[in-house]
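Read the structure below first, then the notes.
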Amino acid sequence: MSDDQHDADRADADRVYAELLDRIGEHAPQPRLEPTRRAVELLGDPQRSYGIIHITGTNGKTSTSRIAESILRAHGLRTGLMTSPHLVRVNERIVIDGEPISDRALADNWDDIQPYLLMVDAELAANGEQALSYFEALTVLAFACFADAPVDVAVVEVGMGGEWDSTNVADGDVAVLTPIALDHTNRLGRTVAEIARTKAGIIKPAAQVVTALQTTEAMDEITRAAELDEATVVVEGVDFQVTDARLAVGGQALTVRGRAGTYDDLLLPLFGPHQAQNAAVAIAAVESFLGAGTQPLSPEVLAEGLAEVTSPGRLQVIATEPTVIVDAAHNPHGAEALARALMGSFAFTSVTAVVGVLDDKDAHGIIAALDPVVERFVVSQSDSERAIPAAQLAELVAQIAGPDRVQVAPALDEAIAAARESCEPTGAVLVTGSVTLVGQAFSILGRQNGDS
């Protein structure tokens with residue numbers, strides 16, 4: 001491709017993103033399905049032209065989605081993957097056969113569906129309702145891109161919740177629930193049971209349900225929803241589980257007892273016990289999709305699929321000298337998993353954390369979870385309008401960690417530079433607290449390294 005063509009395609013993709021941003025933001029999702037359903041109906045229901053593994057939960061959704069997609073692709077299937085949010089470019093959210101959708105395909109598919117989106121917008125306006133939101137339009141776009149590719153199977157991550165999430169216009173052959181904890185309580189419910197009830201809304205009649213180990217209150221809601229839809233439920237720790245996990249070069253070696261077979265010495269190039277759990281859930285989901293849990297996966301193909309897994313922004317090393325790790329943990333449950341992984345998977349003599357949190361998150365819970373493994377905090381903020389101002393967040397961090405362990409640097413590039421400068425050679429810098437902060441860290445360090 002010529003440079004001129006590349007620039008033109010990039011400009012068209014940037015236009016698509018700008019037009020998406022003109023819609024209601026995804027931080028204020030609409031608890032409704034009908035507008036998305038109407039849009040896909042006008043397009044001929046593209047989401048019905050391929051199999052679907054639908055994934056919800058509080059933490060681990062994206063990693064589990066990526067692992068499942070990689071295993072399916074290793075089996076020779078043409079795959080689609082929808083995850084959210086993105087770190088740098090919106091193309092990351094729509095992946096075809098392991099690669100973010102090209103700028104050209106993104107723009108062409110957007111132009112194809114735009115008249116139908118505008119038609120739905122007009123119908124909504126006539127009824128006094130808000131136009132399709134950013135995430136509703138993006139969901140329709142993803143389903144259209146997958147049909148256009150075309151894919152054999154799409155792994156679709158829920159945006160928020162489940163029952164009324166836009167992705168729920170699709171009927172998942174397999175419904176997957178990763179660990180459920182408190183998050184988005186202002187929209188999903190104040191208790192784990194209420195949140196689980198909403199997330200269990202992705203379970204469809206006669207579907208196969210694969211769930212990670214859950215609290216009793218969450219499991220009760222999942223079981224109730226499955227019974228109502230006559231769906232089959234398989235549970236981590238009963239029907240499948242990680243039976244062995246140990247550190248290995250570049251990740252960890254796992255033995256997983258799946259639904260249909262036991263798989264030994266699998267190399268997973270991701271760190272942390274939570275990623276081993278995500279891998280077990282993904283394996284059970286693929287076993288459920290390919291053979292209803294009755295046919296073992298080929299050990300060689302499974303090993304190939306796991307070996308190719310990446311999970312950007314999840315305990316990922318993005319720079320060295322000193323080591324800089326990014327992790328998109330943005331709630332206490334995720335921060336606890338991050339802390340355990342740092343202790344169990346690395347041998348750093350100290351960790352300096354650059355932290356920034358959004359105002360609808362449990363900042364106290366996040367910092368409290370990180371405090372035992374972090375020597376010093378550099379408090380910053382992303383450029384999101386929802387970012388807690390660095391000075392305000394620093395007061396909270398000082399209450400937990402003590403003022404002597406806290407430095408304030410509102411500009412993220414300055415925060416990262418300060419953390420790296422003070423970090424000892426055998427230590428590490430951790431950037432965490434929100435997805436937007438991690439995304440900006442990628443851009444900052446990419447620019448410093450000369451990446452485009």
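The values are calculated or read from the model by the stated rules, or taken from the named source; none is laboratory data. Model, not experiment: these values are computed from the prediction. Glycine gets a Cβ as well: all are built from the backbone with ideal geometry, and neighbour counts include every protein chain shown. Just the protein is used for accessible areas: all its heavy atoms, side chains included, with ligands, DNA and RNA removed. Shrake-Rupley method; radii C 1.70, N 1.55, O 1.52, S 1.80 Å.
A few remarks follow.
- If you go through the range 57-82 and keep only what is surrounded by fewer than 24 Cβ atoms within 10 Å (Cβ to Cβ), at pLDDT 95 or above and outside any helix (DSSP H, G or I), you end up with His75, Gly76, Leu77, Arg78.
- Any hit, the range 135-143, residues being hydroxyl-bearing (Ser, Thr, Tyr) and either farther than 20 Å from Ala170 by Cα or touching a Lys or Arg at 6+ places or on another chain (Cβ under 9 Å) (or both): no
Yes or no, residue by residue, for (1) of a type outside the set (A, V, I, L, M, F, W, C); (2) open to solvent by 10 Å² or more (accessible area, probe 1.4 Å); (3) at positive phi:
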{"site": "Leu106", "(1), (2), (3)": "no, no, no"}
{"site": "Glu123", "(1), (2), (3)": "yes, yes, no"}
{"site": "Ala137", "(1), (2), (3)": "no, no, no"}
{"site": "Ala142", "(1), (2), (3)": "no, no, no"}
{"site": "Val155", "(1), (2), (3)": "no, no, no"}
{"site": "Met160", "(1), (2), (3)": "no, yes, no"}
{"site": "Thr178", "(1), (2), (3)": "yes, no, no"}
{"site": "Leu182", "(1), (2), (3)": "no, yes, no"}
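- Look at (1) of a type in the set (Lys, Arg); (2) closer than 17 Å to His333 by Cβ; (3) surrounded by fewer than 23 Cβ atoms within 10 Å (Cβ to Cβ) and you find that Lys204 fails only one, number (2).
Rundown of residues vs (1) of a type in the set (A, V, I, L, M, F, W, C); (2) outside the structural domain of Thr62 (by the TED database); (3) under 28 Å from Gln30 (Cα atoms), yes/no style:
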| position | (1), (2), (3) |
| --- | --- |
| Leu177 | yes, no, yes |
| Ala196 | yes, no, yes |
| Ala200 | yes, no, yes |
| Pro205 | no, no, yes |
| Ala212 | yes, no, yes |
| Thr223 | no, no, yes |
| Gly251 | no, no, no |
| Ala260 | yes, no, no |
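- Conditions (1) open to solvent by 40 Å² or more (accessible area, probe 1.4 Å); (2) more than 26 Å from Ala341 (Cα to Cα); (3) not β-branched (Val, Ile, Thr); number of the one not met by Gln241: (2)
- Flag if Ile94 is in contact with a Phe, Trp or Tyr (Cβ under 9 Å, 6 or more places away or on another chain), within 19 Å of Ser63 (Cα to Cα), β-branched (Val, Ile, Thr) and crowded, with 22+ Cβ neighbours inside 10 Å: yes
- For the range 201-220, a tally of residues being closer than 15 Å to Asn59 by Cα and either basic (Lys, Arg) or in a helix (DSSP H, G or I) (or both) returns 1.
- Qualifying residue in the range 45-56 (condition: surrounded by 15 or more Cβ atoms within 10 Å (Cβ to Cβ), assigned to a helix (DSSP H, G or I) and not assigned by the TED database to the domain that holds Leu358): yes
- Counted residues, the range 408-426 - those being at pLDDT below 95 and not in a helix (DSSP H, G or I): 4
- Hey, Ala253 surrounded by 24 or more Cβ atoms within 10 Å (Cβ to Cβ) and under 24 Å from the mean Cα position of the chain (by Cα) or not: no
- Odd one out for Lys361 among (1) out of contact with any helix residue (DSSP H, G or I) (no Cβ under 8 Å at 6 or more places or on another chain); (2) open to solvent by 40 Å² or more (accessible area, probe 1.4 Å); (3) closer than 28 Å to Leu21 by Cα; (4) touching a residue at least 40 places away in the same chain (Cβ under 8 Å): (2)
- Extreme residue, surrounded by the fewest Cβ atoms within 10 Å (Cβ to Cβ), among residues of the range 300-330 that are in contact with a helix residue (DSSP H, G or I) (Cβ under 7 Å, 6 or more places away or on another chain) and among the small types (Gly, Ala, Ser): Ala319
- Residue in the range 263-276 that is among the charged types (D, E, K, R), touching a strand residue (DSSP E or B) at 6+ places or on another chain (Cβ under 9 Å), open to solvent by 30 Å² or more (accessible area, probe 1.4 Å) and in the same structural domain as Ala74 (by the TED database) present: yes
- In the range 341-358, the residues that are under 21 Å from Gln407 (Cβ atoms) and either assigned to a loop (DSSP other than H, G, I, E, B) or open to solvent by 20 Å² or more (accessible area, probe 1.4 Å) (or both): Phe348, Thr349, Ser350, Gly356, Val357
- Close pairs (6 angstrom Cβ cut-off, 6 or more residues apart or separate chains): at pLDDT below 95 in the range 276-303, among the basic types (Lys, Arg) anywhere: Gly293/Arg259
- Restricting attention to the range 364-392 and to residues that are in contact (Cβ under 8 Å) with a residue 12 or more places away in the chain, within 14 Å of Leu437 (Cβ to Cβ) and part of a loop (DSSP other than H, G, I, E, B), the residue that is most open to solvent (accessible area, probe 1.4 Å) turns out to be Asp383.
- Which numbered condition Leu338 fails, given (1) in the same structural domain as Gly60 (by the TED database); (2) outside any loop (DSSP other than H, G, I, E, B); (3) touching a residue at least 60 places away in the same chain (Cβ under 8 Å); (4) in contact with a Ser or Thr (Cβ under 9 Å, 6 or more places away or on another chain): (1)
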